[in-house]
Amino acid sequence: MNQPLTYTGGLAATNAYLLDLGGHLIAIDAPEGFLDFLKKKKIKPHSLFLTHGHWDHIWDAADIAEWAGCPVYYHPDTAFLCLEPDAMLSFGLPQKLRPVQATQLLDETTPLPSSWSQARLLHVPGHCPGSLCLYLPESDQLFGGDVLFEDAVGRWDLPGGSRDLLLRGIREKILPLPQKTVVYPGHGPTTTVGREKTSNPFLL
Ligand SMILES: [Zn+2]
Ligand SMILES: [Zn+2]
């Protein structure tokens, strides 16, 4: 399996990943400190994909895009947070952040960049309206952002959140994936679809 490089950092211990798809490097999310991590490793991603717009996932996004000169991708419903991150000063954002423009907005049905090989997107709102999961069927990997965690799901009490939408999206779009699919979450350790299907208390 193509193991992604993992970075964990920032006030919320947020996971970012660097995925190599046949030489095309996709950075997934941009917590505080991810830019320095990439600079130290001398890795310039070719794409920056944001699973959703919460501040702990977009902290370094504008700086990474500028430094790497790479396109930025997120869902249309993520734009309001990425373009006006100050809106999050009312829920946890400790300081002002630079807005980050999308080079292209992506949804489940948007054709993806050809260099992303077999990747598919799953739109699973409820934690955040524009939450996208990046699914790689050939390698059984799901980069889920803050949708599904080991023994937990994303919180639904932030603006635009919905418990019903979140649980329905997980049940309809994630649980039917192959059981061995490895879930790389926005926080905490990796898990699998099969494990969460059988033991996640929110999904029983
Ligand atoms: Zn979040
Ligand atoms: Zn988060």
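The values are calculated or read from the model by the stated rules, or taken from the named source; none is laboratory data. Small disclaimer: the values here were computed from a predicted structure and weren't measured. Here the Cβ positions follow ideal geometry from the backbone for every residue, glycine too, while neighbour counts run over all protein chains shown.
Computed quantities for the displayed model
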quantity	calculated
Selected residue (criterion: nearest to residue 131 (Cα to Cα)) from residues of region 78-98 that are surrounded by 15 or more Cβ atoms within 10 Å (Cβ to Cβ) and touching a Leu at 6+ places or on another chain (Cβ under 9 Å)	78
Subset of region 1-21 (residues that are buried (at least 18 other Cβ atoms within 10 Å of the Cβ), away from ligand 1 (no atom under 16 Å from the Cβ) and at pLDDT 95 or above)	4, 7, 18, 19
Any hit, region 186-198, residues being more than 16 Å from ligand 2 (Cβ to nearest atom), surrounded by fewer than 23 Cβ atoms within 10 Å (Cβ to Cβ), of a type in the set (S, T, N, Q) and in a helix (DSSP H, G or I)	yes
Any chance residue 149 is surrounded by 16 or more Cβ atoms within 10 Å (Cβ to Cβ), within 22 Å of residue 22 (Cα to Cα), of a type outside the set (Asp, Glu) and touching a strand residue (DSSP E or B) at 6+ places or on another chain (Cβ under 6 Å)	no
Pairs, first under 17 Å from residue 19 (Cβ atoms) and more than 16 Å from ligand 2 (Cβ to nearest atom) in region 42-65, second part of a loop (DSSP other than H, G, I, E, B) and modelled with pLDDT under 95, C-beta under 6 Å, six or more apart	none
Single residue of 49, 34, 80 found to be out of contact with any Phe, Trp or Tyr (no Cβ under 8 Å at 6 or more places or on another chain) and among the aromatic types (Phe, Trp, Tyr)	80
Given (1) crowded, with 17+ Cβ neighbours inside 10 Å; (2) within 16 Å of ligand 1 (Cβ to nearest atom); (3) under 20 Å from residue 12 (Cβ atoms), index of the condition residue 158 fails	(1)
